[in-house]
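Undergrad: The following block contains the structure, expressed as structure tokens.
Coordinate-derived values only; no laboratory data. Remember, it's a predicted structure, so these values are computed and weren't measured experimentally. Cβ sites come from the backbone with ideal geometry, for glycine too, and all protein chains shown count toward neighbours.
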Amino acid sequence: MGVKAYAVGGVVRDYFLQRPCTDIDVVCVGSGIELAKAAAASAGGHTKVSVYQNFGTAAFGYRYNNIDWQIEFVGARKESYRRESRKPIVEDGTLEDDQNRRDFTVNAMAMSLNEETWGELVDPFGGIRDLNEGLLRTPLDPDITFSDDPLRMMRAVRFASQLGFRIEDKTFEAIGRNKERIEIVSKERIATELNKIIMSPRPSVGFKLLELSGLLKLIFPELSKLKGIETVEGRGHKDNFYHTMEVLDHVAEKSDNMWLRWAALLHDIGKPYTKRYDERIGWTFHGHEAKGSHMVKRLFKNLHLPLNGKERYVEKLVMLHMRPIILSEDIVTDSAVRRLLFEAGDDIEDLMTLCEADITSKNEVKVKRFMENFSTVRRKLVELEEKDRIRNFQPPVGGEEIMRIFGIPPCHEIGIIKDRIKDAILDGKIPNEREAAVKMMYEIAAELGLKAVNG
Ligand code: ATP
Ligand code: MG
């Protein structure tokens, strides 16, 4: 077609960093949509092009070497911004115009796809140098770059966390000056960046930068509230923000489960609201796990995270996160372990991962004792699960059955019978078996003055 075309942005950066990348952005001087159609046609008859007329872009998927590539085409453009919106006024431009509108020098490199200049790098802002130094820097004046599109501030922090890069001082200072502009960015886009920070190798890097720049207070005030140490009569408590950061990094070393990482981030979120000073015992945070757990749903809503069941998993882990520790401070009884298994169910492994990560004491003797006790808890968890199958507990006698046998309608007594059977099993008074449960049902019923009419 005689059109100049370049691979641009993330794909060029990741190529030099040798990071896997399957999203390829192509910029051309001309119509991106026409080029996409022609490229798809040459790729084979079945390739379906999605055209986004409003954005002047088009994309198609292409399977090659057993990999699904996503290739997006756009015409080079020039953007001008208005104060109240992230959405710019767009007009056709040169490759240089297009590189100017990109967020960081390492994201502004282009590589020629035309035959005669194949693979030639167009790097007007020293992106390669910054890449080698691990530096994030905006191509133009950072105050303008960030004010134009404040999402770029989140992206700076996210890339720093994801790639282990440093944000150049001038660029970081500009984030501080423009942080209030974050309010014009949609919650969904902020959540996307938060999730990418959470999934980075050491998520604390990103959250500490958010805190340092002042962004955290604006987008996630509850987390920023964990920061700080109060002192009364010379006694202080630990800084719960930095403690949370340690716990999050520990969990990230052990697991790629994004929601387990969210649970780590939120496990102490209730502490500021339950903090008390007691002259005899010092600082306490009684009930912070319940308070925190009750905050989870609202936090998910505020951050526009999906409410599709993951919030209940996070609520549960936050609620239970003190249990294994309390349990291991004492003699580890079978009945306490059975109750923990009953409440955690299939999430018991994740809960134990969170609890072990939560030990951040500098006192080695203390840490050693906790870890030993945890391994006792873990051993008992396996033993008791094998014997009593509590993890997916199903009541051995059901409500329907009780109603039929004693000829009663739905009522309070049924709950009493079922609870007492459950408690007896968890306390190890009867085995988790039907025969024992039925026998106990008749005993309790007799106490309650119920008479069997069937069976
Ligand atoms: P990732 O795919 O890991 O999120 P990426 O750098 O590829 O990283 P994309 O959102 O895929 O990010 O964007 C592709 C390219 O488009 C970027 O490399 C950058 O050049 C440009 N870009 C994306 N978002 C912005 C933005 N908000 N401001 C300026 N340029 C951007
Ligand atoms: Mg990309």
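Undergrad: Taking the DSSP beta bridges in region 8-129 as the whole, what percent of them are antiparallel, to the nearest 5?
TA: Close to 75 percent.
Undergrad: For the ranges 34-43, 366-375, what's the packing order if you count other beta-carbon atoms within 10 Å of each residue, average per peptide, and put the highest first?
TA: 34-43, 366-375
Undergrad: Write down the Å³ per residue value for the convex hull defined by the alpha carbon atoms of region 230-388.
TA: In region 230-388, the Cα hull volume divided by residue count equals 128 Å³.
Undergrad: Still on this structure, please answer the following. Using Cα pairs under 8 angstrom and six or more residues apart, how large is the relative contact order of region 230-388, in percent?
TA: About 21 percent, as a whole number.
Undergrad: Can I ask one more? Compute the Rg to Rh ratio over the chain from the alpha carbon atoms, using the Kirkwood formula for Rh, and round to two decimal places. Don't skip to the end; give the middle numbers.
TA: Numbers: Rg = 29.2 Å, Rh = 26.4 Å.
Rounded to two decimals, Rg over Rh is 1.11.
Undergrad: Treating only the Cβ of Lys, Arg, Asp and Glu as charged (+1, +1, -1, -1), what charge dipole size does the chain show about its Cα centre? Round to the nearest 20 debye.
TA: About 880 debye.
Undergrad: Can you work out the FRET efficiency for the pair Lys387 and Tyr277, with r the C-beta to C-beta distance and R0 = 41 Å, to the nearest 0.05?
TA: It comes out at approximately 0.35.
Undergrad: Applying 1/(1 + (r/R0)^6) with R0 = 51 Å to the Cβ-Cβ distance of Lys422 and Gln70, what FRET efficiency is obtained, to the nearest 0.05?
TA: 0.50
Undergrad: What FRET efficiency do you get for Lys362 and Lys451 if R0 is 45 Å and r is their Cβ-Cβ distance, rounded to the nearest 0.05? List each step's numbers first, then the result.
TA: Values: r = 64 Å, r/R0 = 1.43.
Approximately 0.10, to the nearest 0.05.
Undergrad: Per the Kirkwood definition applied to all pairs of different Cα atoms, how many angstroms is the hydrodynamic radius of region 329-373?
TA: 11.8 Å
Undergrad: Report, to the nearest 10°, how far helix 203-213 tilts away from the longest principal axis of the Cα atoms in the chain, using its own Cα long axis and a range of 0 to 90°.
TA: It works out to around 70 degrees.
Undergrad: What nm value, rounded to one decimal, do you get for the distance between Asp256 and Leu140 when each label is placed 7 Å out toward the C-beta?
TA: My value for the distance between the label points is 3.8 nm.
Undergrad: Please report Glu385, Glu84 as a ranked list, fewest other C-beta atoms within 10 angstrom at the top and most at the bottom.
TA: On the way: Glu385 16, Glu84 7.
Lowest to highest Cβ neighbour count: Glu84, Glu385.
Undergrad: Right, something else. Given a cut-off of under 8 Å on Cα pairs at least six residues apart, what relative contact order in percent is computed for the chain?
TA: It rounds to 8 percent for the chain.
Undergrad: Could I have the simple spin-label model distance between Glu435 and Asp346, label points 7 Å from Cα toward Cβ, reported in nm to one decimal?
TA: About 3.1 nm, to one decimal.
Undergrad: For the pair Glu79/Val3, report the inter-label distance in nm, with labels modelled 7 Å from Cα in the Cβ direction.
TA: Calculated label separation equals 2.0 nm.
Undergrad: Using the Kirkwood radius over Cα pairs, work out the Stokes-Einstein diffusion coefficient for region 386-455 at 20 °C and 1.002 mPa s, in µm²/s as a whole number.
TA: Result for D is 173 µm²/s.
Undergrad: Quick one: putting +1 on the C-beta of Lys and Arg, -1 on the C-beta of Asp and Glu, what dipole do you get for region 1-130 around its Cα centre, in Debye to the nearest 20?
TA: 400 debye
Undergrad: Order of Cys411, Cys28 from fewest to most other C-beta atoms within 10 Å?
TA: Listed from fewest to most nearby Cβ atoms, that is Cys411, Cys28.
Undergrad: Note the per residue figure in Å³ for the convex hull of the C-alpha positions in region 264-307.
TA: Cα convex hull per residue, to the nearest whole number: 66 Å³.
Undergrad: Of Asp25, Asp92, how do they rank once you tally other Cβ atoms within 10 Å and put the fewest first? It would help to have the intermediate numbers written out before the result.
TA: Numbers: Asp25 20, Asp92 14.
Taking fewest neighbouring Cβ atoms as first place, the list is Asp92, Asp25.
Undergrad: Sticking with this one: As I understand it, the value is the acute angle between the Cα axis of helix 288-302 and the longest principal axis of the Cα atoms of the chain; what does it come to in degrees, rounded to 10?
TA: Value to nearest ten degrees: 40.
Undergrad: Turning to a different aspect of this structure: Work through the residues other than Pro203 whose Cβ is under 15 Å from its Cβ and net out their charges, Lys, Arg +1 and Asp, Glu -1.
TA: Its environment carries a net charge of 0.
Undergrad: Now, a different point. Which whole-number percent gives the relative contact order of region 5-109, counting Cα pairs below 8 Å spaced six or more residues apart? Show your work: numbers first, answer last.
TA: Details: 189 pairs, mean separation 29.0, N = 105.
Once divided by the residue count of region 5-109, the mean separation gives 28 percent.
Undergrad: In region 134-219, how does Rg compare with the Kirkwood Rh, expressed as the Rg/Rh ratio over alpha carbon atoms?
TA: With Rh from the inverse mean 1/r over Cα pairs, Rg/Rh is 0.92.
Undergrad: Ok, one more. Rounded, prolate or oblate, given the Cα gyration tensor of region 1-130, with a/c below 1.5 counting as rounded?
TA: Details: a/c = 1.58, a/b = 1.16, b/c = 1.36.
The shape class here is oblate.
Undergrad: When the chain is fully extended, how far beyond the present Cα-Cα distance does Ser375 get from Glu401, taking 0.36 nm per residue of separation?
TA: 5.3 nm is the gain from fully extending Ser375 to Glu401.
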